[in-house]
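Data first, discussion second: the structure below is written as structure tokens.
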Amino acid sequence: MLAGKRILLIIGGGIAAYKSLDLIRRLRERGAEVRPVLTHAAEEFVTPLSAAALAGAKAYRALFDLTDEAEMGHIQLSRAADLVVVAPATADFMAKMAGGHADDLASTLLMATDKRVLIAPAMNVRMWTHPATQRNLATLQGDGILTVGPNDGDMACGEYGPGRMAEPLEIVAAIEAALADGPLKGRHIVVTSGPTHEPIDPVRYIANRSSGAQGSAIAAALAGLGANVTFITGPASVPPPPGVHVIRVETAAQMLAAVTVALPAEAAIFAAAVADWRVANAAGSKMKKDGSGRAPALEFAENPDILATVSKLTKGRPRLVVGFAAETDDVLTNATAKRARKGCDWIVANDVSPGTGIMGGTENAVTLLSEAGAETWPRLPKDEVARRLAARIAEALA
Ligand code: CTP
């Protein structure tokens, strides 16, 4: 699958660097050519010799070297790749990337490249959750940089939590998705997914049972056909797929803002279960019982309808806008009315009555409604529904 693909692998200075040696092997097993570049700090953990031996190619080092520049200049090195991968991406390296530094070979390559960049962050859990790292991550994602991981787990430093680098095979899957060739190659598609959380006060919120499974599967299927996917997700229980550009939000208002920033796109798929209402009188501090036995009255305000807003754009409307209709009664009648009301091109309608086990389950039974009429698909696993839908989207955008 990666035959002939050229990966420029920047190895950062973290304990997870040892896994990057395995990553080189896994990539080569799949036919990729790997050019390793070690940062100065990486050499404290692994040697250029082991990276070069596994890659079967020269390993480049932190500082500019006149011999290297004569053989292949840093600009050419940064462009003669199909994808640039940074693994592990340490907190410090992410900060350098976000700040646009170019003070050694690795950071200069990243500034000079015209190729897509995938990072596999790895660091202590507190470093990962630190506001500075999260700010840098948001900046990098805003720049279109792809991420894989980090995972939750036991860490080399003895702590537990998010920060562990994704496993080599997960990074391979993300690389395959980023390099996927297919009918949607280079097409930008926005996908929303998951529930939204609407705060009642700083510790409580209103949510729904959406797992995000169908949205994740659709994003994965589109990426598998080569699309450049911006995946805007609420707090879902199913993780985002590898190889997509992930933007995490909590509320409907944040989701609309993220979609607006992500456009233009050729298609937009609105699989999120957006809360229709938010709490208008959400409290700024935790609500307390006042001893009277009276429950607080919540007031609701209607959330912006993201699907309708995008469908009705007069400028910059995606060519194809797809909505979902989760219904419990009169599925077809309601979904047909919803398509007209919201102004989208297609509606994927499904019956989410409790007896169907669809909401939160692994299967889906959908009817695709378009101008051409209604087409009912058999009950299928959610990833098969996603593949069929992605194939239809590819046909529509052809
Ligand atoms: N949607 C959206 N923004 C909202 C509400 C819904 O983008 N504020 C999108 C969903 O992502 C989905 C479609 O609209 O693609 C249908 O959502 P659904 O909840 O089924 O419809 P409602 O607008 O809630 O209509 P109703 O209350 O009549 O079911």
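Points to keep in mind about this one:
- Test: residue in the stretch 202-225 that is under 22 Å from Ala398 (Cα atoms), open to solvent by less than 30 Å² (accessible area, probe 1.4 Å) and not in a helix (DSSP H, G or I): no
- Being among the β-branched types (Val, Ile, Thr), at pLDDT below 95, open to solvent by less than 40 Å² (accessible area, probe 1.4 Å) and in contact with a strand residue (DSSP E or B) (Cβ under 7 Å, 6 or more places away or on another chain) is true of Val331.
- Among residues of the stretch 110-126 that are outside the structural domain of Asp152 (by TED's automatic domain parsing), none has a beta-carbon under 8 Å from a residue that is in a loop (DSSP other than H, G, I, E, B) at least six positions away or on a different chain.
- Of Val366, Val322, all but one fail to be farther than 24 Å from Ala258 by Cβ and surrounded by 12 or more Cβ atoms within 10 Å (Cβ to Cβ); the exception is Val366.
- The condition of being farther than 13 Å from Val191 by Cα, free of Cβ contacts under 8 Å to residues at least 24 places away in the same chain and not in a loop (DSSP other than H, G, I, E, B) holds for only one of Ala257, Ala253, that being Ala257.
- Test: residue in the stretch 275-286 that is within 30 Å of Glu375 (Cβ to Cβ) and either hydroxyl-bearing (Ser, Thr, Tyr) or within 8 Å of the ligand (Cβ to nearest atom) (or both): yes
- Residue ID - nearest to Ser370 (Cα to Cα), chosen from residues in the stretch 312-329 that are away from the ligand (no atom under 11 Å from the Cβ) and in a loop (DSSP other than H, G, I, E, B): Arg319
- Tally of residues being part of a loop (DSSP other than H, G, I, E, B) and either surrounded by 20 or more Cβ atoms within 10 Å (Cβ to Cβ) or modelled with pLDDT of 95 or more (or both) across the stretch 113-123: 2
- Against the numbered list (1) more than 13 Å from the ligand (Cβ to nearest atom); (2) in contact with a Phe, Trp or Tyr (Cβ under 9 Å, 6 or more places away or on another chain), Thr230 comes up short only at (2).
- Total residues in the stretch 278-317, condition in contact with an Asp or Glu (Cβ under 6 Å, 6 or more places away or on another chain) and either without any contact (Cβ under 8 Å) to a residue 24 or more places away in the chain or closer than 19 Å to Val348 by Cα (or both): 2
- Counting only strands (runs of 3 or more DSSP E) wholly contained in the stretch 1-112, the ones carrying 2 or more residues that are open to solvent by 30 Å² or more (accessible area, probe 1.4 Å) and not aromatic (Phe, Trp, Tyr) occupy 33-38.
- Verdict on Ala138 being open to solvent by 70 Å² or more (accessible area, probe 1.4 Å), outside the structural domain of Gly226 (by TED's automatic domain parsing), closer than 18 Å to Thr90 by Cβ and not in a strand (DSSP E or B): no
- Gly316, sole failed condition from (1) open to solvent by 80 Å² or more (accessible area, probe 1.4 Å); (2) on the phi > 0 side of the Ramachandran plot: (1)
- Hey, Ala87 of a type in the set (Gly, Ala, Ser) and in contact with a strand residue (DSSP E or B) (Cβ under 7 Å, 6 or more places away or on another chain) or not: yes
- Applying the criterion of being in a loop (DSSP other than H, G, I, E, B) and open to solvent by less than 50 Å² (accessible area, probe 1.4 Å) to the residues of the stretch 239-250, the residue that is farthest from Ile171 (Cα to Cα) is Val249.
Yes/no matrix, rows are residues, columns are (1) among the hydrophobic types (A, V, I, L, M, F, W, C); (2) in the same structural domain as Ala272 (by TED's automatic domain parsing); (3) part of a helix (DSSP H, G or I); (4) surrounded by 16 or more Cβ atoms within 10 Å (Cβ to Cβ):
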{"residue": "Gly293", "(1), (2), (3), (4)": "no, yes, no, no"}
{"residue": "Gly360", "(1), (2), (3), (4)": "no, yes, no, no"}
{"residue": "Ala374", "(1), (2), (3), (4)": "yes, yes, no, no"}
{"residue": "Val385", "(1), (2), (3), (4)": "yes, yes, yes, yes"}
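- Selection within the stretch 143-176: residues that are open to solvent by less than 20 Å² (accessible area, probe 1.4 Å) and assigned to a helix (DSSP H, G or I). The member of this set that is farthest from the ligand (Cβ to nearest atom) is Pro168.
The values are calculated or read from the model by the stated rules, or taken from the named source; none is laboratory data. What you see is a predicted model, and the numbers here were worked out from it, not measured in a lab. With ideal geometry, Cβ positions are generated from the backbone for all residues, glycine too; neighbour counts draw on all protein chains shown. When the accessible area is computed, the model is the full protein with side chains, heavy atoms only, and any ligands, DNA or RNA have been set aside. Shrake-Rupley method; radii C 1.70, N 1.55, O 1.52, S 1.80 Å.
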